[in-house]
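Have a look at the structure below, then the notes.
The values are calculated or read from the model by the stated rules, or taken from the named source; none is laboratory data. Note that the coordinates shown come from a computational prediction; the quantities given were computed from them, not determined experimentally. Virtual Cβ from ideal backbone geometry, glycine too; neighbours counted across all protein chains shown.
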């Protein structure tokens with residue numbers, strides 16, 4: 001919690017900012033001060049801690065002095081729901097945001113719904129419930145005030161935590177009525193504000209953990225330290241398909257600070273897996289000791305023999321397998337509108353292109369870790385997890401401890417990107433603690449993390465389009481394959497916009513573990529699809545934006561099929577907006593400009609990207625990005641998410657890959673796995689949100705998928721060279 | 001094991017550790033200064049950046065024995081109250097997403113500005129290039145360094 005925002009810190013800060021900013025501050029009543037020094041708006045709010053808190057429900061505590069604590073229910077991975085979700089409650093509660101303290105809620109499936117960070121859905125699914133929560137508490141506070149003042153409820157109004165009776169000029173603070181309010185029954189549903197009356201939602205509020213982050217406060221799982229805590233690391237097999245044959249730990253056990261070396265298995269016999277239990281290496285060796293460095297040294301001295309359980313895989317085979325499959329066999333038909341084969345036979349022009357992308361690691365900056373303290377009948381866990389409710393279910397089965405005796409608390413996470421949906425590291429920590437009979441913090445080295453799996457699958461897709469003599473799109477075929485699973489969403493654009501349309505899917509099983517990676521499937525297919533549309537627009541002799549808009553018009557006015565997963569008007573809307581904002585000109589060819597648009601996580605994104613080429617190396621100068629995600633709760637932070645998705649997407653499209661030789665990942669740290677860096681990042685990103693008052697939709701993922709195509713199309717515009725295979729800068733021979 | 005005398009954030013401390021232990025793990029495990037982060041262990045990501053005699057170094061790859069007689073400054077020692085111009089600029093631009101790399105970014109930026117109070121865009125890009133931000137907050141980091149330069 002932000003209880004560290006004490007008066008003492010604030011006074012210290014005031015002195016410094018007065019000197020550094022050159023302004024003058026009189027006394028401590030800063031908020032009333034008109035002329036602010038340059039930096040003083042970056043003060044943490046001053047919270048005089050109350051004597052008594054009243055818990056209103058699982059979400060809100062009101063102090064007798066009017067300070068309000070709002071719990072943030074969902075895990076925080078950097079998507080900033082820890083600021084946005086409490087903002088929604090505060091809005092309907094009608095309190096002063098500067099009077100709010102935010103606390104991370106623990107896992108509590110009775111009090112909170114869907115405590116998951118995934119699918120960009122925290123705000124979308126939380127929206128109505130969070131509004132009702134705030135509004136209901138406001139309702140009982142007003143009811144209590146009406147009793148105290150002996151006036152009808154209808155004569156009372158609220159503003160920033162004060163309930164006023166205009167006729168008599170009397171008022172009460174929330175803190176003064178909270179004790180009475182808790183005795184009043186909370187109704188099933190209460191009215192919420194008209195969005196035009198919002199005073200917090202739609203305003204940029206700074207990250208509630210910002211002050212702690214810039215001071216290096218212990219916020220993350222890796223920072224956890226508890227009395228008597230041991231440090232543990234694991235060693236997993238070096239190659240997918242291998243398992244432990246034998247372990248000689250005699251040397252490691254004798255090293256300084258080492259407590260024990262043990263084998264643990266997170267999948268005991270009779271255990272019932274959940275979807276989050278993705279793991280190529282159920283059995284690992286754990287080294288436990290006093291300090292991290294001692295454990296790291298002992299880990300190097302383990303002598304483990306491995307044995308092959310399933311055949312080793314190679315990247316060179318992966319892509320030839322996918323290509324052969326698509327070329328020589330018929331996939332599982334996911335959708336077929338019209339008669340595609342006839343339409344291709346009748347087409348004037350046919351364009352066919354194949355796109356691919358490799359496995360990717362998530363590479364959260366904070367490696368996997370978890371704290372666990374497991375005793376005979378209780379388990380206490382603390383750490384970075386996107387799916388605490390699923391971890392709880394797994395722990396119940398693996399530890400043999402009932403759910404009610406398991407507590408899970410989420411730390412702030414040093415990135416998620418989907419990796420921490422799969423909580424095997426939490427289970428490992430719990431098993432190590434159980435065996436050691438001691439509190440334990442498990443830490444993965446970067447190498448253990450990067451080579452563990454749970455990767456984004458490798459994908460390939462072949463697109464084929466038929467055009468008539470006027471350049472109209474008459475036939476469209478998508479053949480999508482993945483190791484494992486097809487990346488194609490059969491009912492997404494351009495489904496519904498083409499009379500003759502077919503999707504075929506192929507699945508190649510693998511012993512490499514894979515999982516959701518920021519914007520699953522979309523992260524590849526959007527780049528392929530939007531690159532291909534650019535190419536067929538050119539073949540049709542049309543401007544790439546006009547070409548896309550024609551298809552949206554068709555999908556809007558005369559859609560093909562009934563199951564089209566998008567709103568063509570909103571889709572076209574972002575494209576038109578970015579066209580206008582970027583000053584798109586159809587005659588601007590050759591200037592290094594590319595366009596792309598995509599819909600995922602219930603939101604619409606369109607981008608125009610400007611690139612300059614230095615030989616074969618692209619440098620992104622500017623990205624214009626239009627976004628329709630409905631109501632934007634926290635615009636500054638929302639822009640940050642969009643920027644991050646763009647940088648992330650550009651980086652992975654250009655640089656990143658996990659490849660395999662005999663099942664061994666060939667990249668294990670940032671010297672071999674390249675992530676985008678500062679100098680390679682776009683110089684400028686402009687973001688334009690559509691203001692349509694619709695309920696909010698996803699934000700953490702949607703800007704990533706289309707950007708790879710905006711880049712590829714811009715590079716083509718600048719250089720005449722098209723990129724089909726990610727990562728664009730890597731010698732594709734490496735990928736087979 | 002050896003007893004080593006260190007100066008950390010202006011305080012003299014003695015630690016009893018294997019002298020080859022990287023400064024990072026002495027800070028985190030022995031001195032409870034966990035603001036300095038572990039990211040890669042091979043000086044590739046910059047999450048562990050500290051100042052050694054005022055210069056930005058990767059604490060994951062410098063043995064603690066070589067810090068004897070030198071001044072170590074960590075993120076916790078940059079200011080008592082987030083008042084350092086770089087920290088202030090980071091808040092002004094609301095830079096962090098997950099926040100894990102930001103202590104390292106701030107330590108690199110503050111060392112840069114001490115040596116070069118008004119860096120050009122390309123000098124900022126070069127100086128900050130060793131610090132990975134997986135969330136992709138680079139454009140904000142860049143803007144924040146410029147703001148900090150203005151306010152230093």
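Got at least one residue in the range A:414-429 being part of a strand (DSSP E or B) and over 25 Å from residue A:600 (Cβ atoms)?
Here is the first cut: in the range A:414-429, the residues part of a strand (DSSP E or B) are none.
No, the range A:414-429 contains no residue that is part of a strand (DSSP E or B) and over 25 Å from residue A:600 (Cβ atoms).
Identify, from the list A:675, A:699, the residue that is under 20 Å from the mean Cα position of the chain (by Cα), surrounded by fewer than 24 Cβ atoms within 10 Å (Cβ to Cβ) and more than 14 Å from residue A:624 (Cα to Cα).
Answer to the check: A:675.
Answer yes or no as to whether residue A:327 is surrounded by fewer than 16 Cβ atoms within 10 Å (Cβ to Cβ) and within 23 Å of residue A:723 (Cα to Cα).
For residue A:327, the condition - surrounded by fewer than 16 Cβ atoms within 10 Å (Cβ to Cβ) and within 23 Å of residue A:723 (Cα to Cα) - is met.
Restricting to the range A:207-223, name every residue that is in contact (Cβ under 8 Å) with a residue 12 or more places away in the chain and in contact with a helix residue (DSSP H, G or I) (Cβ under 7 Å, 6 or more places away or on another chain).
If the condition is that a residue be in contact (Cβ under 8 Å) with a residue 12 or more places away in the chain and in contact with a helix residue (DSSP H, G or I) (Cβ under 7 Å, 6 or more places away or on another chain), then A:207, A:208, A:209, A:211, A:219 are the ones that fit.
When the residues of the range A:262-300 are narrowed to those that are part of a loop (DSSP other than H, G, I, E, B) and within 14 Å of chain B (Cβ to nearest Cβ), which ends up surrounded by the fewest Cβ atoms within 10 Å (Cβ to Cβ)?
Of everything passing the filter in the range A:262-300, A:290 is surrounded by the fewest Cβ atoms within 10 Å (Cβ to Cβ).
Which members of the range B:126-139 meet the condition of being more than 7 Å from every other protein chain (Cβ to nearest Cβ) and without any contact (Cβ under 8 Å) to a residue 60 or more places away in the chain?
B:127, B:133
Answer yes if at least one residue in the range B:108-125 is touching a helix residue (DSSP H, G or I) at 6+ places or on another chain (Cβ under 6 Å) and within 9 Å of chain A (Cβ to nearest Cβ), and no otherwise.
yes
If you go through the range A:444-461 one residue at a time, do you hit one that is crowded, with 23+ Cβ neighbours inside 10 Å, in contact with a helix residue (DSSP H, G or I) (Cβ under 6 Å, 6 or more places away or on another chain) and farther than 30 Å from residue A:314 by Cα?
Checking the range A:444-461: not a single residue is crowded, with 23+ Cβ neighbours inside 10 Å, in contact with a helix residue (DSSP H, G or I) (Cβ under 6 Å, 6 or more places away or on another chain) and farther than 30 Å from residue A:314 by Cα.
Considering only the range A:70-86, state which residues are under 17 Å from residue A:98 (Cα atoms) and touching a helix residue (DSSP H, G or I) at 6+ places or on another chain (Cβ under 9 Å). I'd like the intermediate steps shown before the answer.
Keep residues of the range A:70-86 that are under 17 Å from residue A:98 (Cα atoms), which gives A:70-72, A:82-86.
Hits for the range A:70-86 are A:70, A:71, A:72, A:83, A:84, A:85, A:86.
Conditions (1) over 30 Å from the mean Cα position of the chain (by Cα); (2) in a loop (DSSP other than H, G, I, E, B), marked per residue:
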| site | (1), (2) |
| --- | --- |
| A:86 | no, no |
| A:114 | no, yes |
| A:119 | no, yes |
| A:126 | no, no |
| A:133 | no, no |
| A:151 | yes, yes |
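Would you be able to say whether some residue in the range B:43-62 is within 20 Å of residue A:218 (Cβ to Cβ), within 8 Å of another protein chain (Cβ to nearest Cβ), out of contact with any helix residue (DSSP H, G or I) (no Cβ under 6 Å at 6 or more places or on another chain) and in contact (Cβ under 8 Å) with a residue 24 or more places away in the chain?
Yes; the residues of the range B:43-62 include at least one that is within 20 Å of residue A:218 (Cβ to Cβ), within 8 Å of another protein chain (Cβ to nearest Cβ), out of contact with any helix residue (DSSP H, G or I) (no Cβ under 6 Å at 6 or more places or on another chain) and in contact (Cβ under 8 Å) with a residue 24 or more places away in the chain.
Per-residue answers, yes or no, for (1) without any contact (Cβ under 8 Å) to a residue 12 or more places away in the chain; (2) surrounded by fewer than 24 Cβ atoms within 10 Å (Cβ to Cβ); (3) on the phi < 0 side of the Ramachandran plot; (4) more than 14 Å from chain B (Cβ to nearest Cβ):
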{"site": "A:613", "(1), (2), (3), (4)": "no, yes, yes, yes"}
{"site": "A:617", "(1), (2), (3), (4)": "no, yes, yes, yes"}
{"site": "A:635", "(1), (2), (3), (4)": "no, yes, yes, no"}
{"site": "A:643", "(1), (2), (3), (4)": "no, no, yes, no"}
{"site": "A:646", "(1), (2), (3), (4)": "no, no, yes, no"}
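How many residues does the range A:678-696 hold that are facing another protein chain (nearest Cβ under 8 Å), outside any loop (DSSP other than H, G, I, E, B) and more than 20 Å from the chain's Cα centre (by Cα)? Talk me through it step by step, then tell me what you get.
Pass one, the range A:678-696, residues facing another protein chain (nearest Cβ under 8 Å): A:678-679, A:681-685.
Going one step further and asking which of them are outside any loop (DSSP other than H, G, I, E, B), we end up with A:678-679, A:684-685.
Imposing the further condition that a residue be more than 20 Å from the chain's Cα centre (by Cα) reduces the set to A:678-679, A:684.
Selection size over the range A:678-696: 3.
Out of curiosity, is residue A:439 surrounded by fewer than 24 Cβ atoms within 10 Å (Cβ to Cβ) and either modelled with pLDDT under 95 or in contact with a helix residue (DSSP H, G or I) (Cβ under 9 Å, 6 or more places away or on another chain) (or both)?
Spelling it out, residue A:439 is indeed surrounded by fewer than 24 Cβ atoms within 10 Å (Cβ to Cβ) and either modelled with pLDDT under 95 or in contact with a helix residue (DSSP H, G or I) (Cβ under 9 Å, 6 or more places away or on another chain) (or both).
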